[in-house]
Amino acid sequence: MKRIAVLTSGGDAPGMNAAVRAVVRKAINEGMEVFGINYGYAGLVAGDIRQLSAKDVSDTISRGGTFLYSARYPEFSQVEGQLKGIEQLKKFGIEGLVVIGGDGSYRGALALTKHGFPAVGIPGTIDNDIPGTDYTIGFDTAVNTALEALDRIRDTATSHIRTFIVEVMGRNAGDIALWAGVASGAEQIIIPEVDSDMKVIAEKIQEGRRKGKKHTLIVLAEGVMGGIEFAEKLWGHGEQHTRVSVLGHVQRGGSPSARDRVLASMFGAKAVDLLQQGIGGVCVGIRQDKIIYSDIIETLENGKHQPNLDLLTLNEEISG
Ligand code: ADP
Ligand code: F6P
């Protein structure tokens with residue numbers, strides 16, 4: 001393969017730039033030409049494509065967001081859009097594509113491969129909810145961003161002897177809540193994968209107060225419900241004075257952590273290796289510290305993402 005392209009798709013994640021940089025630099029070092037596609041699949045269909053040099057990715061490794069921009073473009077689920085995309089790629093003489101994004105973006109990569117155009121997926125999302133990998137690009141940074149906020153909230157919660165509900169992102173997954181919750185020493189972590197009972201949650205808060213706790217931090221994954229709704233439900237169980245903090249999109253921005261940069265660099269280089277061998281329809285991942293790849297169909301159909309629920313048990317054992 002002599003010419004490949006790269007795009008970022010779906011929700012952005014810190015470390016996407018580092019992955020693009022790795023794809024570009026590795027491919028050029030292997031004697032290939034690399035093209036960048038702006039705005040994900042929307043830009044692909046529109047032909048918003050340009051060649052990237054090694055210099056074009058200078059000073060990008062430390063930057064959050066994605067300099068190729070991202071987009072949600074539902075039209076790409078239709079065969080018509082996919083064929084139009086392939087037509088654009090062929091126009092530029094491109095023979096393989098690296099797609100950095102979540103499981104929706106993987107489905108686009110799979111569709112292209114099924115039409116005979118090899119595409120490789122790299123897991124990029126703060127949610128860490130993609131099967132086929134233990135970690136996704138952006139998750140570590142998002143957890144650290146949430147943690148910084150939680151540490152600050154702990155300060156004010158202690159001064160005022162208050163209960164805080166801190167809503168974190170994750171879509172339907174509880175990974176950010178679990179990691180940020182354990183790291184911040186939260187009293188309770190509420191995630192969508194495990195049922196919780198408002199009465200029990202309120203009782204635990206009250207028990208903490210009786211024991212002399214100066215604050216209660218509850219980390220709530222957005223996939224359970226919104227923070228305000230959660231506070232209203234607690235109200236019905238005698239907790240009228242909780243404060244709610246919704247961390248929102250701050251978790252999506254910022255300079256990527258060292259871990260995300262390294263992960264992104266390893267994924268980017270591996271994706272180029274695979275395309276060089278003519279392998280498409282696969283996604284890269286990390287399992288027990290080893291970079292691996294797996295078939296996208298197999299991964300999306302049979303691999304279910306499961307957060308590390310041992311962290312929840314651990315938190316119950318150590319949160320006091
Ligand atoms: P993520 O990649 O983060 O999961 P989305 O689910 O929004 O984010 O998917 C990103 C993009 O991938 C969509 O906007 C669309 O362009 C493309 N996509 C999603 N699902 C499919 C599908 N079934 N077939 C082809 N392309 C898809
Ligand atoms: O998938 C990443 C994510 O940030 C989720 O955690 C969140 O639910 C969603 O995207 C927010 O999407 P949008 O940026 O479209 O508001």
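Bins of 10 Å, beginning at zero and ending with the bin holding the largest distance: percent of Cα pairs per bin for segment 89-186, please.
Distribution as computed: 15, 34, 22, 16, 9, 4, 1 percent.
Under a crude label model (7 Å from the Cα following the beta-carbon direction), how far is D59 from D151 in nanometres?
2.9
Under 16 Å from a point 7 Å along the Cα-to-Cβ line of K290: which residues of segment 116-138 have their amide N that close?
132-135, by backbone N distance to the label point.
For segment 176-274, what relative contact order do you get, as a whole percent, if you take Cα pairs closer than 8 Å and at least 6 residues apart?
Computed over segment 176-274, the figure is 26 percent.
In Å and on Cα atoms, what radius of gyration and Dmax does the chain show?
21.5, 70
How would V200, V182, V6 line up from fewest to most surrounding beta-carbon atoms within 10 angstrom?
V200, V182, V6
How long is the gain from R162 to I318 if the chain were fully straight, where each residue apart is worth 0.36 nm and the alpha carbon distance is subtracted?
Taking 0.36 nm per residue and subtracting the Cα distance, the gain is 54.1 nm.
Would you mind calculating the gained length between Q277 and N308 on full extension (0.36 nm times residue separation, minus the Cα-Cα distance), in nm to one decimal?
7.8 nm
With +1 on each Lys and Arg Cβ and -1 on each Asp and Glu Cβ, how big is the dipole of segment 126-203 about its Cα centre, in debye rounded to the nearest 20?
300
In nm², what is the average projected area of the convex hull enclosing the Cα atoms of segment 18-170?
Mean projected area of the Cα convex hull: 11.0 nm².
Over segment 168-211, what is the mean sequence separation of C-alpha contacts under 8 Å (at least six apart), divided by residue count, expressed as relative contact order in percent?
29
Please give the Cα centre distance for segment 2-40 versus segment 177-217, rounded to the nearest Å.
Result: 41 Å between the Cα centres.
Given 5 Å bins starting at zero, what is the percent of C-alpha pairs of segment 208-320 in each, up to the one with the largest pair distance?
2, 7, 11, 12, 15, 15, 11, 9, 8, 5, 3, 2, 0
If we count other beta carbons within 10 Å of each Cβ, what is the order of L52, L311, fewest first? Don't jump to the answer; show the numbers that get you there.
Working: L52 23, L311 19.
Neighbour counts put them in this order, fewest first: L311, L52.
For a paramagnetic label modelled at 7 Å from the Cα of I297 toward its Cβ, which residues of segment 121-142 fall within the zone defined by backbone nitrogen distances under 20 Å?
Only 121-122, 131-133 fall inside the zone, counting backbone N under 20 Å.
Over the chain, what relative contact order in percent results from Cα pairs under 8 Å that are six or more residues apart?
Relative contact order of the chain: 24 percent.
Please arrange D197, D12, D260 by how many other C-beta atoms lie within 10 Å of their C-beta, fewest to most. Let's see the in-between values first.
Details: D197 9, D12 25, D260 29.
Listed from fewest to most nearby Cβ atoms, that is D197, D12, D260.
In deg cm²/dmol, rounded to 500, what helix-only [θ] at 222 nm does the chain give when every DSSP H run of at least 4 residues adds -39500 (n - 2.57) and the total is split over its residues? Don't skip to the answer; put the middle values down first.
Details: 11 runs with 135 residues, N = 320.
For the chain, the value works out to -13000 deg cm²/dmol.
Read-outs throughout are calculated quantities, based only on the coordinates presented, and are distinct from any laboratory measurement. Because the structure is predicted, anything quoted here is derived from the model rather than measured. So basically every Cβ, Gly included, is an ideal-geometry build from the backbone, and we count neighbours across all protein chains shown.
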